Amino acid sequence: MVKEQAFETVAKIIFDRACSLIIEGNPAFNSEKCLLHIEMVMHEWGYKSALVTEYYESLKQENDSMREMGMKE
């Protein structure tokens, strides 16, 4: 449980920074990739976190909106 909480804490830090970027009108493509990687590593280690998944999906949705507006990675 301690390792799972560590992943969630790191994901929260990344998500909070990404939210700051998005609020300022900037995409957070690298943060999206990082959260996906965290989710993949958790899966490989046998962990599952709805919280990390929610952070990733929420950020992906915001970034997808920016991609639709023509912002590129």
Test set (1) open to solvent by 50 Å² or more (accessible area, probe 1.4 Å); (2) among the charged types (D, E, K, R); (3) free of Cβ contacts under 8 Å to residues at least 40 places away in the same chain - GLU32 fails condition number: (1)
Scan of segment 35-49 for residues that are open to solvent by less than 80 Å² (accessible area, probe 1.4 Å) and either of a type outside the set (Ser, Thr, Tyr) or closer than 17 Å to GLU24 by Cα (or both), ordered by number: LEU35, LEU36, ILE38, GLU39, VAL41, MET42, GLY46
Any pair with Cβ under 6 angstrom, 6 or more apart, that starts in segment 54-73 at a residue that is farther than 15 Å from GLU39 by Cβ and ends at one that is open to solvent by 70 Å² or more (accessible area, probe 1.4 Å): none
Residue ID - nearest to the chain's Cα centre (by Cα), chosen from residues in segment 1-28 that are surrounded by 11 or more Cβ atoms within 10 Å (Cβ to Cβ) and in a loop (DSSP other than H, G, I, E, B): ALA28
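The values are calculated or read from the model by the stated rules, or taken from the named source; none is laboratory data. Everything quoted here is computed from the prediction, not taken from an experiment. A quick note on method: Cβ atoms are made from the backbone with ideal geometry, for glycine too, and the neighbour counts reach across all protein chains shown. In case anyone asks, the SASA skips ligands and DNA or RNA and just uses the protein heavy atoms, side chains included. Shrake-Rupley method; radii C 1.70, N 1.55, O 1.52, S 1.80 Å.
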